[in-house]
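What follows is a set of notes on a single structure, which appears directly below.
Coordinate-derived values only; no laboratory data. From a predicted model like this one, the values you see are computed outputs, not experimental measurements. As a convention, Cβ positions derive from the backbone with ideal geometry for all residues, glycine included, and neighbour counts pool all protein chains shown.
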């Protein structure tokens, strides 16, 4: 008879370590190859000639890369902040309430961009914003920020909602019993406990916006290339290790964001 205290642990299954190592190897080998060839002294991306930093210097001195990078950070920062604010309000509205008919529909509606193919969202935004461009004559970055914000909301919503659902309601109840208003309860009790989830949502929304290609390609106007769309355009013309160098910097940036979030969230939990 199997003991009731025995629990299933996938790590104890035979072959788990081998399969995990194979998966990690297949996942990270292409990334490692890209990073190595970013330091290639050759003009070819496939033939190693020697170690060099020339392609990092080339990317640093490329005004198009600099402009596209600044534009990407501007859009990603604005979109991440707007998406996180909207996601926080949506998470509070769907978790700090009694269950009612239609609540499940709201969950599905908020998370719909995760289920709908991105190309469908991109085409819909193209048609929608094109009408506004014709009516107003405005063709600035506001469309990209709005499109990225809408697309990133469910990515920020999921960790924030998960954090809210795991929080103990006793502190909020105690604050209400002590005649604290709803705003004071949120500001002094809920928000400090919710910060790890908000930071996780903000980070996820920022990264998703930063490396988005499909929606950006459909919504952007002339001269509004972000770094991913610039790299895509370069790949269509000529492939040099400069693309590897830019991708390596992107990778280091992502690792840095994840590392910072890990230490910040660990201090707050």
Determine one quarter of the surface area of the Cα convex hull of the chain, which equals its mean projected area, and express it in nm² to one decimal. 22.0
Distance between the stretch 94-126 and the stretch 221-237 - C-alpha centres, whole angstrom: 30
Sort the following peptides by mean Cβ neighbour count (other Cβ atoms within 10 Å, averaged over residues), highest first: 73-81, 194-202. 194-202, 73-81
I need 188, 148 ordered by Cβ neighbour count within 10 Å, fewest first. 188, 148
Over the chain: helical MRE at 222 nm, DSSP H runs n ≥ 4 each giving -39500 (n - 2.57), nearest 500: -23500 deg cm²/dmol
What percent does the relative contact order of the chain come to when contacts are Cα pairs within less than 8 Å and at least six residues apart? 31
Whole-number percent relative contact order across the stretch 182-269, with pairs defined as alpha carbons under 8 Å at least 6 apart: 51
The stretch 134-183 versus the stretch 16-78: alpha-carbon centroid distance in Å: 33
Give me the log10 of I(q) over I(0) for the stretch 122-269 at q = 0.12 Å⁻¹, as the Debye formula computes it from C-alpha points; what are the numbers? -0.71
Could the peptides 242-250, 154-162, 136-144 be put in order, highest first, of the mean number of other beta-carbon atoms found within 10 Å of their residues? 154-162, 242-250, 136-144
Sorting check: for 91-104, 116-129, 19-32, which peptide has the highest mean count of neighbouring beta carbons within 10 Å, and how do the rest follow? 116-129, 91-104, 19-32
